[in-house]
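> Take a look at this one; I'll ask things after.
Bear in mind that the values in this text are calculations on the coordinates, not laboratory data. All values reported here derive from a predicted model rather than from experimental measurement. Here Cβ is always computed from backbone atoms with ideal geometry, including for glycine, and neighbour counts include all displayed protein chains.
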Amino acid sequence: MMSKVEAAKEISELSEKIRYHNRKYYMEHTSEISDYEFDKMLERLLALEAEFPDLKEKNSPTQRVGGTISKEFPTVAHRYPMLSLSNSYSETDISDFDVRLRKVLAKAENENDFDYICEMKFDGVAISLHYENGSLLRAVTRGDGIQGDEITANVRTIRSVPLKITGANIPDYFEVRGEIFLPRKAFERRNQEIQKENEQRKAEGKKQLTLLANPRNAASGTVKMQDSSVVAQRRLDCFVYDMYAENMTFETHAQVLESLTAWGFKVSETYENCKTLDDIFAYIKKWDEKRHSLPLDTDGVVIKVNQLELRPLLGATAKSPRWAVAYKYKTESKTTILQKVEFQVGRTGAVTPVAYLKPVQIAGTTVKRASLHNQDEIERLDLHLGDLVSIEKGGEIIPKVTGVVAEGRKDSAQKVAFITHCPECGTALVRPEGEAAHYCPNEKGCPPQIKGRIEHFISRGAMDIDSIGSKTIALFYAQGWLNTVADLYELEGERILKLPNFKEKSVQNILEGIEVSKKRSFKNLLFGLGIRYVGKTVAEKLALHFKSMEKLKQASFEELIAVPEIGERIAQSLLDYFADADNRELLERLQARGLPFELLESEIPTTSGALSGKSFVISGTYENYERDELKDLIKQLGGRVVSAISGKVDYLLAGDKAGGSKLEKAEKLGVKILSEEEFENLKA
């Protein structure tokens with residue numbers, strides 16, 4: 001029988017071999033061993049980890065296959081904001097950008113001696129990868145630029161993202177920015193698989209699965225899947241393009257890209273050093289056509305100042321860095337025939353006209369439909385059925401009708417008119433003053449509004465009932481079982497089992513998912529109610545301010561607008577909602593069923609506590625806590641967690657393998673260094 005020491009040695013050796021061959025295959029496009037030999041090594045490693053689970057590394061190569069199920073993704077604040085880029089559309093815009101930079105640097109008495117790096121702007125999902133002591137610590141989506149969702153388990157399945165790195169001059173803690181994408185070939189392969197599965201489903205009389213719309217949307221949906229094993233099957237890829245760390249030794253962005261490549265990251269080879277504006281224009285022209293040969297979609301060029309020391313001098317606006325700009329290629333446009341226009345009703349009652357088109361290929365995808373937005377847009381275009389219309393993809397993603405080729409229109413062509421009554425329930429539409437959209441006011445009797453509100457209620461961020469979907473909601477609505485969200489909590493398993501294709505296990509999952517939703521937070525419930533203008537952020541602010549549904553219901557207009565960032569429109573919407581007798585009855589039913597009508601004490605930030613007013617930097621690993629658990633505890637006890645050591649920080653909480661640079665800086669600045677045991681005493 002193998003000893004633990006022998007197992008540890010073999011696990012280490014196998015891990016290194018697998019990482020080596022992974023890099024050769026996915027980064028250098030070469031293979032030194034057969035697929036069979038590689039699979040055997042992976043099988044052996046999986047077997048050893050199963051026999052000695054305590055020897056399994058968090059970033060073991062076996063994590064590439066996925067398997068983790070996430071019910072929700074925690075929100076993480078970005079250490080460095082993930083800003084968006086300002087856009088430019090012409091050589092004049094680029095020249096103006098260059099002039100602005102030189103003016104700023106001249107005022108700062110800089111020599112104006114700098115050049116640029118140009119790189120392709122990829123059409124994927126922005127990601128922030130955090131590494132500590134050479135290992136992947138976490139992966140966070142861009143979100144709103146200030147905070148995003150942690151999707152580490154899913155990103156570990158992407159084989160071009162290193163789980164462990166080696167090399168020279170690697171910072172103790174650093175962050176890499178990149179773009180996750182679904183390669184066109186993987187996108188096409190997945191759609192072929194769906195088509196093949198649809199043939200089987202058709203033979204069995206089952207509903208057809210929907211084909212993926214485009215690679216970008218497919219990548220975005222995949223990274224947020226709950227099951228990482230499914231993510232692994234999709235074969236996502238990732239290009240990285242920047243990094244952030246304290247006290248970086250690099251002088252240029254080009255050196256950053258070279259080092260990232262040397263450390264095992266996948267950096268696109270499309271980047272070039274451009275000394276002059278003419279060099280930039282030549283790069284843009286060269287890649288205008290050449291970009292279509294890349295394995296993923298692109299929508300422009302990113303132009304960055306190469307010298308890193310100039311970034312702080314140039315600074316940033318609230319949204320964009322001043323040291324970089326995006327050049328957007330002219331949007332691809334095609335003409336096709338407008339076959340019909342249909343009007344769709346959303347959960348808020350807003351009516352959206354949709355153009356149905358003769359299928360046309362634009363930017364690598366087939367476009368069959370496009371939004372017409374509202375009545376004003378239809379009238380501006382003077383649309384007639386059968387028109388030859390111009391179609392573009394906004395940002396090469398969202399199709400839109402941009403114009404009409406009126407020549408050749410038949411005299412008998414029927415003019416497209418905006419409807420006057422709801423296509424679902426026949427109610428006369430209304431258009432509120434100052435708004436472009438028309439609405440169906442029959443919110444309590446219009447089927448798509450009723451079903452839409454229930455779909456919103458069960459969605460992630462609201463009550464997160466993932467055991468039930470839109471098709472099931474539509475079926476239960478047709479049976480007369482669902483008319484409000486409160487009806488979810490009164491569903492009966494025996495009745496559901498009588499429906500076709502419902503087995504005991506699926507019914508049990510539905511009922512358990514609904515029951516578990518009662519444990520969500522009050523702020524989730526408030527968002528899930530779908531009160532007009534009350535989005536997720538507004539719901540959180542209201543929940544934290546009033547702390548219970550009862551206090552919120554009793555709030556006056558003046559008390560509502562006194563809440564930071566709650567304006568008159570939101571306040572009036574809340575008053576209207578709570579004044580409605582049906583809504584009050586709905587809330588009573590939800591409360592009777594045990595849904596959360598108050599914030600828990602643990603959800604309310606502490607203003608006083610054992611750590612009140614104290615700031616902490618945490619580094620390393622801990623015996624009794626996960627890092628996020630530790631952060632939450634510090635906040636609950638009144639403390640603050642910050643990312644960087646400075647003279648204003650009170651404590652560095654140093655766990656096992658704490659970053660050397662943090663320890664050194666803390667000692668230099670006189671910041672007290674706490675062990676985990678000392679922290680326990682401090683918080684007691």
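> Neighbour counts of other C-beta atoms within 10 Å: give me Arg640, Arg142 arranged from fewest to most.
Working: Arg640 15, Arg142 20.
Listing Arg640, Arg142 from fewest to most nearby Cβ atoms yields Arg640, Arg142.
> Let's test the formula: R0 of 45 Å, r as the Cβ-Cβ distance of Lys290 and Thr420. What FRET efficiency results, to the nearest 0.05? Mind showing how you got there, number by number?
Working: r = 51 Å, r/R0 = 1.13.
Once the sixth-power term is evaluated, E becomes 0.35.
> Give me, ordered by chain and number, the residues 5 or more places off Cys238 or on other chains with an amide H under 5 Å from its own placed amide H.
So Cys238 has HN proximity to Ser160, Phe181.
> In Å, what Kirkwood hydrodynamic radius results for segment 332-440 from the alpha-carbon pair distances? Please list the in-between numbers first.
Details: mean 1/r = 0.0687 Å⁻¹.
Final number for the Kirkwood radius of segment 332-440 is 14.6 Å.
> Right, here's the next one. If the only charges are +1 at each Lys and Arg Cβ and -1 at each Asp and Glu Cβ, what is the size of the charge dipole of segment 447-519 around the Cα centre, to the nearest 20 debye?
Numbers: 10 positive and 10 negative charges, 39 e Å.
Roughly 180 debye for segment 447-519.
> Ok, one more. Could you list, in their original order, any pairs among Lys121/Lys635; Lys121/Lys224; Lys164/Lys185; Lys196/Lys266; Lys340/Lys523 whose Cα atoms are separated by more than 31 Å?
Values: Lys121/Lys635 38 Å; Lys121/Lys224 22 Å; Lys164/Lys185 27 Å; Lys196/Lys266 33 Å; Lys340/Lys523 42 Å.
From the list (Lys121/Lys635; Lys121/Lys224; Lys164/Lys185; Lys196/Lys266; Lys340/Lys523), the Cα-Cα distance tops 31 Å for Lys121/Lys635; Lys196/Lys266; Lys340/Lys523.
> With both partners inside the chain, how many of the DSSP beta bridges are antiparallel, as a percent to the nearest 5?
Working: 76 of 88 bridges.
DSSP beta bridges in the chain are roughly 85 percent antiparallel.
> Explain nothing, just the number: dipole magnitude of segment 293-436 about its Cα centre with +1 on each Lys and Arg Cβ and -1 on each Asp and Glu Cβ, in debye rounded to the nearest 20. Intermediate values should be presented prior to the final figure.
Values: 19 positive and 17 negative charges, 79 e Å.
In debye, rounded to 20, segment 293-436 gives about 380.
> Here is a follow-up. So for the chain, taking the charge dipole from beta-carbon charges (+1 Lys/Arg, -1 Asp/Glu), which of Val240, Gly659, Ser619 sits furthest toward the positive end?
Of Val240, Gly659, Ser619, it is Val240.
> Then there is this: What ranking of Val641, Val485 emerges when the number of other C-beta atoms within 10 Å of each C-beta is taken as an exposure proxy, fewest first? Let's see the in-between values first.
Numbers: Val641 17, Val485 24.
Going from sparsest to densest Cβ surroundings: Val641, Val485.
> With N set to the residue count of segment 522-603, report its C-alpha Rg divided by 2.2 N^0.38 Å to two decimal places.
Working: Rg = 11.8 Å, N = 82, 2.2 N^0.38 = 11.7 Å.
The reported ratio for this selection is 1.00.
> Using amide H atoms built 1.01 Å from N in the peptide plane, name the residues 5+ places from Val404, or on other chains, whose amide H lies under 5 Å from its own.
Ser390
> Over every pair of different alpha-carbon atoms in segment 559-630, take the mean of 1/r and invert it; report that Kirkwood radius in Å.
Working: mean 1/r = 0.0593 Å⁻¹.
Hydrodynamic radius (Kirkwood, Cα pairs) of segment 559-630 is 16.9 Å.
> 222 nm [θ] for the chain, helices only, -39500 (n - 2.57) per DSSP H run of 4+, per residue, to 500? Working shown, then result.
Values: 24 runs with 253 residues, N = 684.
About -11000 deg cm²/dmol.
> Going 7 Å from the Cα of Ile604 toward and past its Cβ, which residues in segment 626-648 have a backbone nitrogen under 15 Å from where you end up?
The answer is 636-638, whose backbone nitrogens lie closer than 15 Å to the label point.
> Further question on the same structure: Rg to Rh for segment 205-356: what is it, with Cα atoms only and Rh by Kirkwood? Don't skip to the answer; put the middle values down first.
Working: Rg = 21.2 Å, Rh = 20.1 Å.
In segment 205-356, Rg relative to Rh is 1.06.
> Let me ask another. Counting residues in segment 615-683 as N, plug N into 2.2 N^0.38 Å and put the Cα Rg over that result.
0.99
> Report P(r) for segment 87-328: all Cα-Cα distances, bin width 10 Å, range 0 to the bin holding the largest distance, values in whole percent.
Taking all Cα pairs of segment 87-328, the binned fractions are 7, 28, 32, 21, 8, 3, 1, 0 percent.
> So how do 583-593, 613-623 stack up, highest first, on mean other-Cβ count within 10 Å?
Numbers: 583-593: 15.1, 613-623: 17.7.
In descending order of packing, they fall as 613-623, 583-593.
> In what sequence, highest mean first, do 235-243, 4-12, 493-501 appear when ranked by Cβ atoms within 10 angstrom?
Values: 235-243: 21.7, 4-12: 13.4, 493-501: 10.9.
Output ranking for 235-243, 4-12, 493-501: 235-243, 4-12, 493-501.
> Follow-up. If the only charges are +1 at each Lys and Arg Cβ and -1 at each Asp and Glu Cβ, what is the size of the charge dipole of the chain around the Cα centre, to the nearest 20 debye?
Numbers: 97 positive and 104 negative charges, 264 e Å.
Computed charge dipole of the chain: roughly 1260 debye.
> Give me P(r) over segment 399-442, computed from all C-alpha to C-alpha distances, binned every 10 Å, as integer percentages.
21, 32, 31, 16, 0
> Thinking of the chain as a set of Cα atoms, what percent of all their pairs are more than 46 Å apart?
Values: 67599 of 233586 pairs.
I get 29 percent for the Cα pairs in the chain exceeding 46 Å.
> Give me the percent relative contact order of segment 304-409, please, defined on Cα pairs under 8 angstrom at least 6 residues apart. Intermediate results must be reported in sequence, preceding the final value.
Details: 183 pairs, mean separation 24.1, N = 106.
RCO, segment 304-409: 23 percent.
> Counting other C-beta atoms within 10 Å, which of Glu407, Glu512 has the fewest, and how do the rest follow? Before the final figure, lay out the partial values.
Numbers: Glu407 6, Glu512 12.
Ascending number of Cβ neighbours within 10 Å: Glu407, Glu512.
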